[in-house]
Amino acid sequence: MPKNKGKGGKNRRRGKNENDREKRELVFKEDGQEYAQVIKMLGNGRLEALCFDGTKRLCHIRGKLRKKVWINQSDIILIGLRDYQDHKADVIMKYTAEEARNLKLYGELPDNAKINDNFAQDDEHDITFDDISSNVVPAQNEENLFGSSDESEEEEDSEEDEGGGGSFYKAPPISKSDKMKQKGGALLDVDGI
């Protein structure tokens, strides 16, 4: 088997993002291309996008962008239209949030296009929680639930005055032998000799 003489394979090159931080030139659409916003990621390198010409299209992420440029929901992308299939397209490039804002300033994108720096869902799916703290019912003792007599209530009052706190659990008393076992002391059984 031949030895590898290079400095690694595609996994080594995959980690490099040499042109990631550099500012690139803004690319405008040409004939056969359209701006779109990602509606849903479908998996397997496909996504559903709403083009700014009003058509919803199934888009395929080309191999050059796969695993190198991560596309998320609500991103602005440039797609290449197909002559033979109007409802399908190919993703050519993804615009950053700053580039998308610049496109909007130049009038390339419509004013109603939402450009977000981070991932954002539709406002339809907002979840609201009710405040239940005012609806909390105080805990009752089992004796009160089963119709106890007045004597048991007086006993509970006396326990609360002593600091027993009727609603707290009381541990059973520990015998001397159990205390010695907890401390690690040895007990001699005199009766067993």
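Coordinate-derived values only; no laboratory data. As the structure is a computational prediction, the values presented were derived from the model and not from experiment. Here the Cβ is made from the backbone with ideal geometry for all residues, glycine too, and neighbour counts use every protein chain on show.
Of note:
- Cross-link pairs exceeding 23 Å between alpha carbons, from the set LYS40/LYS94; LYS23/LYS64; LYS29/LYS94; LYS67/LYS114; LYS23/LYS68; LYS56/LYS114: LYS67/LYS114.
- In this structure, the amide hydrogen of LEU109, modeled 1.01 Å from its nitrogen in the peptide plane, lies closer than 5 angstrom to those of LYS104, counting only residues at least 5 positions away or on a different chain.
- Net +/- balance of residues flanking ASN102 in space, Cβ distance below 12 Å, scoring K and R +1, D and E -1: 0
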